[in-house]
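Report on one structure; see the data block that follows.
The values are calculated or read from the model by the stated rules, or taken from the named source; none is laboratory data. Predicted model only: the values in this text are computed from it and were never measured. In this analysis, Cβ positions are derived from the backbone assuming ideal geometry, glycine residues included, and neighbour counts consider all displayed protein chains. Calculation scope for accessible area: heavy atoms of the full protein, side chains included, ligands and nucleic acids excluded. Shrake-Rupley method; radii C 1.70, N 1.55, O 1.52, S 1.80 Å.
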Amino acid sequence: MIRNLLLFINFFIFTSAIYGQSISQEFSSRSIVTGVKEQVNLVSEIKLTGKEDFKNTAVVVEFEKGISVTDCYFYDEKKEDKFYGQLSVLPNGNSSYSISNLADMKSKGNNKYFIVSVVSIGLFDDDEILYDDNSVFNVSFSIRSRSDNKNVSSSEDVRLILDVDDLSNLLFSAKESITNDFNLTNSWTVSAIDYDNDNDDDLFFTDATLTQPNRLYNNNGDGTFEEVKSGVLVEDIAKSMSSAWADFDNDGDLDVVIANSSMLPCTFFVNNGDGSFVKNTKASFTKNVGYYHHVSWVDVDNDGKLELYLGNYLPSRFNELWRQDDNGNWSLELDNVISQAVGSSVGGTWCDYDGDGYQDLLLLNNNGGSNRMYHNIGNGEFEEVFNEVTNHGGYSVSSTWGDIDNDGDFDLFIE
């Protein structure tokens, strides 16, 4: 009898191991090497053991600080249903994605269930610390459910190893087949603009050779370009250093001012709306001469009218801020601090870097001069500020603002 009882107990333990309710996860890999900003698909396949359905299922995926989450969901393959949840930031800086109120999971039949996360890792964390090579980031997949009146759960980790030398997702490759020879001689700047309102970006090159015209290339809409060889915009000859495009008169098309050097005036071309231009010689700023290397449009006082800013390369000549009144007349604002700036100015970029609603100015100086920054204090007035950016410079030629780490504020690159 004792022997029969032992046999029964052994059989019960054996069948419980086979038919007991349990849940587990499987991954194709638990350690993945990824490049900077490379999109990685992390997939957990849910494995169910037992006869009963799994109810009240909830999923939590926790991402270590530094991981950007593009997508996260629970997937029922048989029903082709995706279930989404809510992303939250934890006190430790990690982020957590929670999915609850899921439909019952069936342990019988041809059912498959997955947790899917799409993630990437940048070069910097929120504290602007550059990640080291082979920095490791963890993603934790947790699922809990209830089956046969019992709680079951599974928690598994996947490691992401950042290869900071793999920048393939940040770089561009040359597409040499998109056009024929651009026929350039001494071009300093190029602008990508839709001058004819056909929803394709066209290209405009300035040429600093006094005997050569600027070049305009019309986008054919198939990735190829055709040079526009007639019209005042490409027939005018000057030593052109840069151009600025904007709809200054709010008529729905882009106009352009071209900064010219060697004691030549800037040239101003107004768009007729059909892709052709007329040269405006009445605007006051077209009558001044200088060694202009930079031009930009900006609304410094948020009044809805654009101002024009010109940078002079000769340190003996001031930069210029031009305002237009309600009648379209232009006047030089001499008492503004940014009109009193001198230096070998080759470029200026505008950005509301402090988020106060006003455009601030970074002024690039060449020929050994330091870069300068001006904070817009409202009403179009500025104050010069000194910081890490202005401690550098000397031979800067261009700059651009952008949020490279997706943290909600502007970063700066200076060449």
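Here are the numbers for this structure:
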| read-out | value |
| --- | --- |
| Residue in region 173-193 that is over 25 Å from HIS293 (Cα atoms), surrounded by fewer than 18 Cβ atoms within 10 Å (Cβ to Cβ), at pLDDT 90 or above and acidic (Asp, Glu) present | no |
| Of residues in region 213-235 being within 20 Å of PHE268 (Cβ to Cβ) and free of Cβ contacts under 8 Å to residues at least 40 places away in the same chain, the one surrounded by the fewest Cβ atoms within 10 Å (Cβ to Cβ) | SER230 |
| Spans of strands (runs of 3 or more DSSP E) in region 341-405 with at least 3 residues surrounded by 16 or more Cβ atoms within 10 Å (Cβ to Cβ) | 344-351, 360-366, 372-378 |
| Enumeration of residues in region 308-322 that are in contact (Cβ under 8 Å) with a residue 40 or more places away in the chain and out of contact with any Phe, Trp or Tyr (no Cβ under 6 Å at 6 or more places or on another chain) | TYR309, GLY311, PRO315, ASN319 |
| Conditions (1) farther than 25 Å from GLY378 by Cα; (2) at pLDDT 90 or above; (3) open to solvent by 60 Å² or more (accessible area, probe 1.4 Å); (4) among the small types (Gly, Ala, Ser); number of the one not met by ALA259 | (3) |
| Residue check, ASN110 within 29 Å of LYS55 (Cα to Cα), modelled with pLDDT under 90 and open to solvent by 30 Å² or more (accessible area, probe 1.4 Å) | yes |
| Boolean, SER140 is farther than 17 Å from SER68 by Cβ, modelled with pLDDT of 85 or more, of a type outside the set (Asp, Glu) and surrounded by 12 or more Cβ atoms within 10 Å (Cβ to Cβ) | no |
| Where THR70 falls short, out of the listed (1) of a type outside the set (Phe, Trp, Tyr); (2) open to solvent by 50 Å² or more (accessible area, probe 1.4 Å); (3) over 18 Å from ARG144 (Cβ atoms); (4) assigned to a loop (DSSP other than H, G, I, E, B) | (4) |
| Any hit, region 306-313, residues being under 31 Å from the mean Cα position of the chain (by Cα), of a type in the set (Asp, Glu), under 27 Å from GLU415 (Cα atoms) and surrounded by fewer than 21 Cβ atoms within 10 Å (Cβ to Cβ) | no |
| Residue match in region 45-62 (condition: more than 16 Å from SER24 (Cα to Cα) and at pLDDT 95 or above) | yes |
| Matching option when the condition is under 23 Å from GLN359 (Cβ atoms) and among the hydroxyl-bearing types (Ser, Thr, Tyr), among SER262, SER284, SER276 | SER284 |
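For every residue, the table says whether it meets (1) open to solvent by less than 90 Å² (accessible area, probe 1.4 Å); (2) within 13 Å of ILE143 (Cβ to Cβ).
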site: GLY35; (1), (2): yes, no
site: VAL43; (1), (2): yes, no
site: ILE46; (1), (2): yes, yes
site: ALA58; (1), (2): yes, yes
site: PHE63; (1), (2): yes, no
site: GLY66; (1), (2): yes, no
site: PHE74; (1), (2): yes, yes
site: GLU77; (1), (2): yes, no
site: PRO91; (1), (2): no, no
